[in-house]
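Structure first, then comments.
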Amino acid sequence: VKKYTEEIEFERMVRQEFFSNASHELKTPITSIRGYTELLLGGFINDEATSEEFMKRILAETESMTNLINDILLISRLETRDYEIETTEIRMAMLLQDIIKTLEPIAAKQEVELQTVCKPVIVRANKQHLRELLLNLIGNAIKYNKPNGMVYVTITTIGRDLLIEVKDTGIGIPKDSLVRVFERFYRVDKGRSRKVDGTGLGLSIVKHIVNYYGGNITLDSKINVGSTFTVRLPEVKANM
Ligand code: ADP
């Protein structure tokens, strides 16, 4: 009975922390949208360039809110599992190419080079899941890198299991954060991460997706040397 009560109490705390974090993350963009709108409506801005700049900022803030809400919805769906998740046959090389195309401009801006190796494999899974998984891992490897840094992505199989490795030569993760980075809203050293866009939900989403497939994820990292994330998804290779 005691253990049961403790578990309920723990879940209550986790839930409370989640709502508190989510509300805070949503409040920040709302406050700034409100501020810019009030300035624009109040007739304080007379020049076109400034008004345009403010409207652009409003748009950017709504985009960041949309991203956050989509992330929360995805986590919630993965947790409830009570709806039909569509699976299709996915050509991994094509999906990876697509994702690299999306991330390449960001990598170029950060002066980070991407190198990929992908086995010509077809898997049966949910496309959005694999897309989110790769976008978050490769996106992080770029975001938390250094100028002239490298990101190596390797996709291969062991039997019918899919193996994804994302390795970077970036800033690394301190030992005491290695487990915590998978928690919802956790960001290593707020000061360091604040300069970089993000909600702290990316790796939590990755972990939820990996769990959904009954797989596992490991993280190996060294400060100032780099990090390697390895994902194994069992039995997803299509029978062809
Ligand atoms: P976000 O990137 O939105 O902050 P994530 O959940 O994707 O959230 O990551 C959590 C934290 O883990 C990040 O804030 C960052 O501090 C750290 N992190 C994630 N990936 C890497 C990486 N490849 N190298 C160094 N630090 C990382």
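Just so it is clear, none of the values below were taken in a lab; they were calculated from the coordinates. This one's a predicted model, so the numbers in the text were calculated from it and none came from an experiment. So basically every Cβ, Gly included, is an ideal-geometry build from the backbone, and we count neighbours across all protein chains shown.
Worth a mention:
- Sequence-distant contacts, meaning Cα pairs under 8 Å at least 6 residues apart, place the relative contact order of the range 193-240 at 29 percent.
- Candidates Ala238, Thr80, Ser64 compared by Cα position along the dipole of the chain: farthest toward the positive end lies Ala238, with charges placed on Cβ.
- Length released on extending from Gln128 to Leu73, taking residue separation times 0.36 nm less the Cα-Cα span: 18.5 nm
- Interchain or long-range residues, amide H under 5 Å from Gly149's placed H: Glu113
- Anchor Lys27: lysines whose Cα lies under 25 Å away (excluding residues fewer than 8 positions away in-chain): Lys56, Lys143, Lys190, Lys195
- Cα-centred dipole magnitude for the range 1-159, charges only on beta-carbon of K, R (+1) and D, E (-1), debye, nearest 20: 560 debye
- Rough spin-label spacing in nm, given labels placed 7 Å along Cα→Cβ, for Lys146 and Thr218: 2.6 nm
- Once the convex hull of all Cα atoms in the chain is built, its volume per residue stands at 171 Å³.
- Given R0 = 35 Å, the distance between the Cβ atoms of Ser20 and Lys175 translates into a calculated FRET efficiency of 0.80.
- Globularity index of the range 126-178 is 1.29 (Cα radius of gyration / 2.2 N^0.38 Å, N = number of residues).
- For the range 141-156, backbone nitrogen atoms closer than 12 Å to the point 7 Å from Ala108 Cα along Cα-to-C-beta are found at no residue.
- Helix-only [θ]222 nm of the chain, DSSP H runs n ≥ 4, -39500 (n - 2.57) each, per residue, nearest 500: -18000 deg cm²/dmol
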